[in-house]
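The values are calculated or read from the model by the stated rules, or taken from the named source; none is laboratory data. Everything numeric here is computed off the predicted structure, so don't read it as measured data. No Cβ is skipped: glycine too gets one built from the backbone with ideal geometry, and neighbour counts run over all protein chains shown. Areas reflect the complete protein model, heavy atoms only, side chains present, ligands, DNA and RNA absent. Shrake-Rupley method; radii C 1.70, N 1.55, O 1.52, S 1.80 Å.
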Amino acid sequence: MLRGFCKLSKSYFPLLDATVKKNSINVVRQNSKFTPGQSIRLQKVKQKEPGEVIKWMLLVIPVGSFGLGCWQAYRLQWKLELIDRMQATTNSSPVDMPQDFHELDTMEYKPVKVRGEFLHDKEILIGPRSLVENDSLPRVGSLVSDPKKNQGWLVVTPFKLADSGEVILINRGWIRQGLRSKESRQASMIKGEVELTGVVRLTETRSPFMPKNNPVKGSWFYRDLHQMSAYLGCAPVWIDARGNPEPPEGWPLPNQTRVNLRNEHMSYLITWYMLSAFTAVMWHRYFIRKLPLV
């Protein structure tokens, strides 16, 4: 953007000088006194230089870009505070699952406690997904350093609540490619009533380039709670399970809650402030100091 502005300035400002010189009017004063019989030579009123209009029009660029930089500074502070609130909610003490599931609409990232049993026969896999490493729960032998080993699947299992009989969805955790088949992880198929803690998550919007879910083929790529609940016959409720970051071999790795938001406001802030400073210097140099741009 800056390079284009420089080229435009170099090509326009010399033309502006030539236009001003061409249209300037030389005023000649014939006599200081008027006597009868002499003709009166009317002086033409000097027109306003067209460069004055352009001068103030171009000032909009540094002023406007400075204002946009201030706006990005405000947005940056807002985004950081939002991320902090999300982290604080995730790390808060767990509460009991509300009887009215509509209350969960305002409880995303809130830890809750549930009791019931898994329905492993209706288990589905979502992916491929990368492993989420939780800094507060470090694991030995992290897989993040190897992109191939870091690709796997999320094990989502319907969970029948003991108190109400409602069925919800539990994201039990992440498994590597070699554990996709149930036979390879039979030890993790917990039977009977269990109590667990998890983080409430709401439905997920499909990104533009992500494939659509295909329930018939068992292909699930994103968390569409309404589609999943209709297919599995359960409530549109999703919980990311918490647990031991070092489970036994063959078990899903829990704590797969990704708490992050896109935050590029700092780069936008720097870009707008640099543009404002550069164009302000050029404007002052050409219009105030009357110096060439180069």
(message) Testing the spin-label approximation: label points 7 Å from Cα along Cα→Cβ at SER92 and SER130. State their distance in nm.
(response) 2.9 nm
(message) In whole percent, and with a 1.4 Å probe on the protein chains, what portion of the accessible area of the range 159-224 is carbon and sulfur?
(response) 51 percent
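How much accessible area per residue does the range 145-294 have, counting only protein heavy atoms and a probe of 1.4 Å, in square angstrom?
Working: 8240 Å² over 150 residues.
For the range 145-294, the solvent-accessible area averages 55 Å² per residue.
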(message) At R0 = 41 Å, how high is the FRET efficiency between ARG180 and TRP56 if r is their beta carbon distance? Nearest 0.05 is fine.
(response) 0.05
(request) Please work out how much accessible surface VAL112 shows to a 1.4 Å probe, ignoring ligands, DNA and RNA, in Å² rounded to 10. (result) 0 Å²
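What FRET efficiency comes out for LYS79 versus LYS290 if R0 is 41 angstrom and r is the Cβ-Cβ distance? Round to the nearest 0.05.
Numbers: r = 44 Å, r/R0 = 1.06.
Computed FRET efficiency for LYS79 and LYS290: 0.40.
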(request) Work from the charge dipole of the range 151-294 (Cβ charges, +1 for Lys and Arg, -1 for Asp and Glu, about the Cα centre) and give the residue of TRP272, ILE239, THR197 farthest towards its positive end. (result) TRP272
(message) Could you put ILE288, ILE170 in order of accessible surface area, largest first, with the 1.4 Å probe and the full protein assembly present?
(response) ILE288, ILE170
